[in-house]
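Engineer: Questions regarding the structure given below will be posed in turn.
Just so it is clear, none of the values below were taken in a lab; they were calculated from the coordinates. For clarity, every value in this text was computed on a predicted model and none was experimentally measured. Glycine also receives a Cβ, built like all others from the backbone with ideal geometry; neighbour counts cover every protein chain displayed.
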Amino acid sequence: MGLTLNVVPTQAVFSVSKVGVEAVSVWWSWLTSFEACWGIISNAQEKGKAMADSALKDIAEEYKDIADKVQHFQEEFNKIVEHATELRQRLSESNIDLVVVHDYMTQEAGNVAENLRKEFNKPLPDEMDERALYRNEMISKGLDALEIVFVDVCVKSGRMSEEDARQNFDPIKKATQDGLLIAGNIVDRHPELVATIIITAVCLMIPEYFILRPILSLFGFGPTGPIKGSLAAWMQRRFWGGAIASGSWFAFFQRAGMFKGFWGKAKIILAGILGLIKSIRAPGSA
């Protein structure tokens, strides 16, 4: 596996240990049973948040010109998680099966991505303001489509009205749009930070991955998800301006040789997380 030439930069300012990337990758890719894994996720969420907080602190100290944007990025992604928690609680209170919602949104995210590819067939503009407008339009269309999917599955359950479903989805929709625009602005100014921004966002989302994964995978977050292959590469190019080859952002970290640096401080924490994940995977694979 390797990287497509001249797309994602082949170096990141903040190096990421292999075990760290592996741990987050396993979290994002393998934790598919909400009921079975919620307790483990709850126990690990503070560790993931601590790792993300440390990363963003280092970025803000190193890049003074975007320190305020880094703070806003962190605030918005924390809001995304908070709204996802509220959304999950409202679904539970309405006796709507969270697994059904997750699986339906995951399935339909691929169709949403295909429609975006047909509509947004031009690359990101070079001029910063035009690029931001183009990205904003694509994000808006993507989130509008995901809202329709969410409303559809809720209404079909017979336990939530269309009006209530839209009202419940609106906070997470707005926070996601704001967070993605800030992330895009950071990467536009400093493309070398793309890997750090992506993995940090995934770490922040661990507490509510079950709700957020099908939403944010549409925009290139996470090593795997409902958007795969050439379509995934297209989404990454359209949103971030670059694509990781072979359908895996782990390939990027592996190729870049990121085995030391500030992420090394989180190695013990991440090794522990990885150990927990392996322990819950082992019975099913035996």
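Engineer: Name every residue in segment 55-71 that is under 13 Å from ALA183 (Cα atoms) and surrounded by fewer than 17 Cβ atoms within 10 Å (Cβ to Cβ), in order of residue number.
Structural biologist: Result: ALA67, ASP68, GLN71.
Yes/no per residue for (1) touching a residue at least 12 places away in the same chain (Cβ under 8 Å); (2) among the charged types (D, E, K, R); (3) touching a Cys at 6+ places or on another chain (Cβ under 6 Å); (4) within 30 Å of GLU93 (Cβ to Cβ):
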site: VAL112; (1), (2), (3), (4): yes, no, no, yes
site: LEU116; (1), (2), (3), (4): yes, no, no, no
site: ASN121; (1), (2), (3), (4): no, no, no, no
site: TYR134; (1), (2), (3), (4): yes, no, no, no
site: GLY142; (1), (2), (3), (4): yes, no, no, yes
site: GLU162; (1), (2), (3), (4): no, yes, no, yes
site: GLN167; (1), (2), (3), (4): no, no, no, yes
site: PRO191; (1), (2), (3), (4): yes, no, no, no
